[in-house]
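These notes concern the structure reproduced below.
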Amino acid sequence: MNRVERLREQMAGDEDAFLIMQPENRRYLTGFTGSAGFLLVSREQCLLATDFRYWEQARRQSPDWELVPQQGSWVTCLREIVAARGWNRIALEADFITVHQQQALTAALPQVEWVPVTGRVEKLRVVKAPEELAAISRAVALADVGFQYILDAIRPGVTEREVALELEFFLRRLGSEGIPFEFIVASGHRAALPHGQASEKVLAQGDFLILDFGCIKGGYCSDMTRTVMVGQPTPEQREIYAVVRAAQEAALAVLAPGKSGGEVDQVAREVIKQAGYGEYFGHGLGHGVGLAVHEDPRLAPGENDLLAPGQVVTVEPGIYLPGRGGVRIEDLVIITKDGCRVLTGAPKELLVL
Ligand code: ZN
Ligand code: ZN
């Protein structure tokens, strides 16, 4: 069954159409990669409305969708489509549309009942098709090459920003379509910031250095983290690294269909807690990755949905000691029918540079 058919299964009987504006959802359903446009899916019709800049591109990328050439504002275009068809009950993405947009819709089409819904397309995106897994694998493989490359640039005296830029430039030159997020390059005391973006801080002997980055291929993201040592580690640094690695291995050993995200998170969390660092692992264990770098499913406390084959998640435990530094190790993993397969190929022993 194709993506639109599976979406239609979620539409209520009295619903005339579903309005989709969220960019990744739009791309997932249509293949259209333009930055503007909206979709209307009814029982019989699949409409893609976009402005002049994208008409040719939309025809090429989305041949199964009826192109509605948008001339004026998107609201005017939508009003004309809806009025011509006599639709009066339309679902919209409650977690994406803004209050301002909703007000504009209500003003333009006062007779229409707008039904807020969430997660319909996101739910479909959670389990990846083979071609999606292939794109993600390419993004992972490229990031692995980037990791090997950047090791040579890591030495005392260079700034985090230089490392981040060098890595980004290298990956984009080798074909990454963009960066899925601003790379995290955090060293020394800044490695205690789980999301410390690259700063002007200079790398120094004795620093842990967290590198968290990814690539985009075919629209699909990858996400990986490695923590390396600049100079020789102290016994405490070796211990922290070993604990994080053991927590990640423990989670990977149990990650399988039928487990909940909460259960898998708990396994890693327990290893860190037993070692005495429980309070220093304050974020979830992992997240889904696809067209968006953070999507469902989540591996985190309280997540009860059961994992399924074809889902792609990160496994990224960490320990962050305020003022002293931190360690995170993150792999991207496909859930298979009887377990999981780690895509990330970069080594996980503590590299001393
Ligand atoms: Zn990451
Ligand atoms: Zn991540």
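The residue of region 307-323 that is farthest from ligand 1 (Cβ to nearest atom), among those that are in a strand (DSSP E or B) and among the aliphatic types (A, V, I, L, M), is L321. Scanning region 69-111 for residues that are of a type in the set (G, A, S), within 21 Å of M11 (Cβ to Cβ) and in a helix (DSSP H, G or I) returns A83, A84. V264 meets all of the listed conditions (1) assigned to a helix (DSSP H, G or I); (2) over 22 Å from the mean Cα position of the chain (by Cα) but one, namely (2). Report whether or not E177 is among the charged types (D, E, K, R), in contact (Cβ under 8 Å) with a residue 40 or more places away in the chain, surrounded by fewer than 18 Cβ atoms within 10 Å (Cβ to Cβ) and over 22 Å from M229 (Cβ atoms). Judged against the criteria, E177 is a match.
Restricting region 161-202 to residues that are polar (S, T, N, Q) and part of a loop (DSSP other than H, G, I, E, B) leaves a set whose member that is farthest from the chain's Cα centre (by Cα) is S199. Name every residue in region 292-326 that is in contact (Cβ under 8 Å) with a residue 60 or more places away in the chain, within 15 Å of ligand 2 (Cβ to nearest atom) and closer than 26 Å to R138 by Cα, in order of residue number. Correct list: A292, V293, E295, D296, P297, Q311, V312, T314, V315, E316, P317, G318.
Close contacts from region 204-222, counting a first residue that is under 20 Å from R245 (Cα atoms) and modelled with pLDDT of 95 or more and a second that is in a strand (DSSP E or B) and among the polar types (S, T, N, Q), with Cβ to Cβ under 6 Å and a gap of 6+ residues or different chains, come to D207/S187; F208/T227; L209/S187; I210/T227; D212/T225. For A204, the requirement of being out of contact with any helix residue (DSSP H, G or I) (no Cβ under 7 Å at 6 or more places or on another chain), farther than 23 Å from V145 by Cα, surrounded by fewer than 19 Cβ atoms within 10 Å (Cβ to Cβ) and aliphatic (A, V, I, L, M) is not met.
Residues considered: R53, R3, R8. Of these, the only one that is closer than 18 Å to T118 by Cβ, free of Cβ contacts under 8 Å to residues at least 40 places away in the same chain, basic (K, R) and out of contact with any strand residue (DSSP E or B) (no Cβ under 6 Å at 6 or more places or on another chain) is R8.
The values are calculated or read from the model by the stated rules, or taken from the named source; none is laboratory data. Computed from a predicted model, the values in this text were never measured in an experiment. Cβ coordinates were reconstructed from backbone atoms using ideal geometry, including for glycine residues, and neighbour counts include every protein chain displayed.
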